[in-house]
Every structure is written in C-alpha cells, then in structure tokens.
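The values are calculated or read from the model by the stated rules, or taken from the named source; none is laboratory data. This structure is a prediction, so every number in the text was calculated from the model and none was measured. Reconstructed Cβ throughout: ideal geometry from the backbone, glycine too, with neighbour counts over all protein chains shown.
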Amino acid sequence: MINLKSISKAFEHRSVLKNVNLAVAAGESVFVCGINGVGKSTLLRIAAGLLAPDAGAVEICGRDMAKDPEKAKPRLGLISHKSMVYTDLTVLENLMFFGRLYGLADPRRRAEQMLDDLGLGAYRFDRAAILSRGMMQRLAIARALIHKPAVLLADEPFTGLDSKASAHLAAVLEGFGDTDHAVLMTTHDAAVGVRCCRRVIVLHQGGIVFDAPTEGIDAIAFSTDYVAYSGGAS
C-alpha cells in the first residue's frame, strides 16, 4: 500500500533522511517515532506527495507518486499540522466540497455521516473560521476520511482533541488496521502510538534503527526513551 524506496532528503546543509526504505502492507498501521527534528513529518510529507525527495521513489497502492500523481493521490487521506479546509465555508460545505472533489456519488450523504461520526453535527452550518482548535481538528479528520481512502497518513492527528475525540480517533486508526487499508502516523505521545498501531519504527540519525510489531512492547518503557529501548531491543 505504501512503498518508500531509498528516500533521502536534506535541507540546506543538513541531511534529514538518508536512504530510508519502508513498506507498509494492507492491514498494517505503522507508528513513526523519533526525537524532534529527526524527519518524521518530512517522511509523511514525502509519502503524501507534498515534498519531493532528493533521491528515491514513493509508491501508493502501486502507483508512482512522481510519475502518476493523479492516480496515487486520490488513494490518500492526510491529517497534518494544517487543517487544509476553507475557513469561509461552513463545516458541511467543506465536507461536501471535498466529497465532490473526489467524485463521490452522494457527497451530502457521506458528509452527514462524517458529521455524525465525529460529533460535528451541531456545527454543520457554522463557518470553519469560528471553530475551536479541537473542532477544527475533527473537521480536518473528517476531510481526510470523506472519500474512504485506502491509505491514511496522520501527522500528529491527536493535537487539540479532547479525551472523547481522541478515543474516537484511536478507534478509527485501529479499525483501519483491521481492514485492507494502511496507516502511517506520528504522535508525540509514544504510548498512544504503540497502543493504536500494530507496528512501530524509530527514526534516528536519518535512518530507521528499529522496526518491530507493537505487540509485546511495554508502551510506558518505550515512551520514556524509545531510542534507548530500540538499542536494547536490537
């Protein structure tokens, strides 16, 4: 579903990613972690086609992102640091717009479903500009899932969410892992990442230094110092 081949990226004179290879199969949910500045968001932006790598290739569902973006990108749903919604439109209008953009047969029905699923029904006629940070994040999640993507890329998806919304999103992520979809996500809360995903990788000094199933990993010990944990487990 996701195939990152020999990905390298540098900013000015600082090399962030060095020859990173990562394959995520259908039914897999992968938590990407590492210290600040290690390249987690950069890796997801490259996977989403928002940033070109200096070297390497990205395939989404067998489609090359650089050569066939019009076939690769519609298979993606992206939750990032930016909501990527139109603040002058209402909540419902935003979801219907993105539903039409992806060619849904009944965008209104799908939009209403997402509003109910994410607790946004009472805000359907409010302009996105007046939403709280948490409600804006819920709208961003609905926007990412409106077209039922095969691959979900989630960069700090829990930011701004209350406990109820966080629990719902965790269930969504876990549900993706039970189907023929794939998830690649980051979060500063390593314990949550380990609980939500079936596989974890650690980025360190430009490469993947740890790649293992989350089953059997002590989430608390891992979150305390995942670089040290990775070294001890390898």
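Does SER230 qualify as being surrounded by fewer than 19 Cβ atoms within 10 Å (Cβ to Cβ), in a helix (DSSP H, G or I) and more than 16 Å from the chain's Cα centre (by Cα)? When the stated conditions are applied, SER230 does not pass them. For the range 88-101, filtered to residues that are of a type outside the set (A, V, I, L, M, F, W, C) and surrounded by fewer than 15 Cβ atoms within 10 Å (Cβ to Cβ), the residue that is farthest from ALA165 (Cα to Cα) is ARG100. Restrict the check to the range 199-216 and report whether at least one residue is in contact with a Pro (Cβ under 6 Å, 6 or more places away or on another chain), at pLDDT 90 or above and not small (Gly, Ala, Ser). Within the range 199-216, one or more residues are in contact with a Pro (Cβ under 6 Å, 6 or more places away or on another chain), at pLDDT 90 or above and not small (Gly, Ala, Ser). Each residue in the range 19-40 was checked for being surrounded by fewer than 17 Cβ atoms within 10 Å (Cβ to Cβ) and either modelled with pLDDT of 95 or more or of a type in the set (A, V, I, L, M) (or both), and 6 pass. Looking only at the range 141-166, residues that are part of a helix (DSSP H, G or I) and touching a Leu at 6+ places or on another chain (Cβ under 9 Å) come to 6 in all. Looking only at the range 167-190, residues that are assigned to a loop (DSSP other than H, G, I, E, B) and polar (S, T, N, Q) come to 2 in all.
Scanning the range 115-124 for residues that are part of a helix (DSSP H, G or I) and in contact (Cβ under 8 Å) with a residue 12 or more places away in the chain turns up LEU115, ASP117, TYR123. Can you name the number of the only condition in (1) farther than 19 Å from VAL32 by Cβ; (2) without any contact (Cβ under 8 Å) to a residue 60 or more places away in the chain; (3) crowded, with 16+ Cβ neighbours inside 10 Å that ARG127 fails? Failing condition for ARG127: (3). Which of the residues spanning the range 191-211 are part of a helix (DSSP H, G or I) and touching a Ser or Thr at 6+ places or on another chain (Cβ under 6 Å)? Those that are part of a helix (DSSP H, G or I) and touching a Ser or Thr at 6+ places or on another chain (Cβ under 6 Å): ALA191, GLY193, VAL194. Screening the range 163-197 for residues that are surrounded by fewer than 18 Cβ atoms within 10 Å (Cβ to Cβ) and more than 19 Å from LEU145 (Cβ to Cβ) and picking the one that is farthest from the chain's Cα centre (by Cα) gives SER163.
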